[in-house]
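What follows is a short report on a single structure.
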Amino acid sequence: MEKQVNLKPEKLEMFRKMLKQKINELLNEAEKTVSQMTDAKENYPDPTDRASLEADRNFELRIRDRERKLIVKMQEAIKRIDDGTYGICDVCGGPISEKRLMARPVTTECIECKTKQEKLEKIKGE
């Protein structure tokens with residue numbers, strides 16, 4: 001039996017626009033990072049300055065990698081909007097509250113199932 005999402009079409013469209021806008025923002029930031037790193041011609045003779053620059057670049061790349069993973073989750077959320085499963089919990093099949101979706105639009109679990117999962121992880125020490 002397929003569950004129906006309790007979100008109205010206009011709400012779904014709002015989530016779609018919000019997700020697409022955030023994806024575009026993250027892609028623009030990634031382009032800036034690539035541009036800055038390829039354009040940069042820094043040549044610091046001081047090893048401490050070079051190490052600092054390298055640490056900054058590594059930190060920036062870690063941030064971009066996290067954003068890349070978030071973009072994938074956002075694209076998956078848009079697919080769920082398209083196929084009518086957005087706002088349905090993957091675990092229990094119940095609705096995910098609009099409040100939760102506003103706070104975390106990429107979520108695939110209702111708050112009850114996510115809370116249970118986090119408690120189990122804490123018990124297992126993960």
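Bear in mind these aren't lab numbers, they're just calculated from the coordinates by the rules spelled out. From a predicted model like this one, the values you see are computed outputs, not experimental measurements. A quick note on method: Cβ atoms are made from the backbone with ideal geometry, for glycine too, and the neighbour counts reach across all protein chains shown.
Could you say whether any residue in segment 53-68 is out of contact with any Phe, Trp or Tyr (no Cβ under 6 Å at 6 or more places or on another chain), of a type in the set (Gly, Ala, Ser) and surrounded by 12 or more Cβ atoms within 10 Å (Cβ to Cβ)?
Taking segment 53-68 as the starting set, the residues that turn out to be out of contact with any Phe, Trp or Tyr (no Cβ under 6 Å at 6 or more places or on another chain) are 53-68.
Filter once more, keeping what is of a type in the set (Gly, Ala, Ser): 55.
With the extra rule that they be surrounded by 12 or more Cβ atoms within 10 Å (Cβ to Cβ), the set shrinks to none.
No - not one qualifying residue is present in segment 53-68.
Return the residues of segment 33-52 that are assigned to a helix (DSSP H, G or I), surrounded by 12 or more Cβ atoms within 10 Å (Cβ to Cβ) and free of Cβ contacts under 8 Å to residues at least 12 places away in the same chain; say none if nothing qualifies.
49, 50, 52
For residues in segment 80-98 being of a type outside the set (Gly, Ala, Ser), touching a Cys at 6+ places or on another chain (Cβ under 6 Å) and surrounded by fewer than 18 Cβ atoms within 10 Å (Cβ to Cβ), which is farthest from residue 6 (Cα to Cα)?
91
Cβ-Cβ under 8 Å, sequence separation 6+ or interchain: first residue in segment 53-70 and under 21 Å from residue 23 (Cα atoms), partner among the small types (Gly, Ala, Ser) and surrounded by 10 or more Cβ atoms within 10 Å (Cβ to Cβ). Which pairs?
Note: pairs meeting the criteria are 64/30; 67/30; 68/30.
Take the conditions touching a helix residue (DSSP H, G or I) at 6+ places or on another chain (Cβ under 6 Å) and either at positive phi or free of Cβ contacts under 8 Å to residues at least 60 places away in the same chain (or both) and apply them to residue 110. Does it pass?
no
When the residues of segment 81-107 are narrowed to those that are part of a helix (DSSP H, G or I) and in contact (Cβ under 8 Å) with a residue 12 or more places away in the chain, which ends up farthest from residue 23 (Cα to Cα)?
In this case the residue turns out to be 98.
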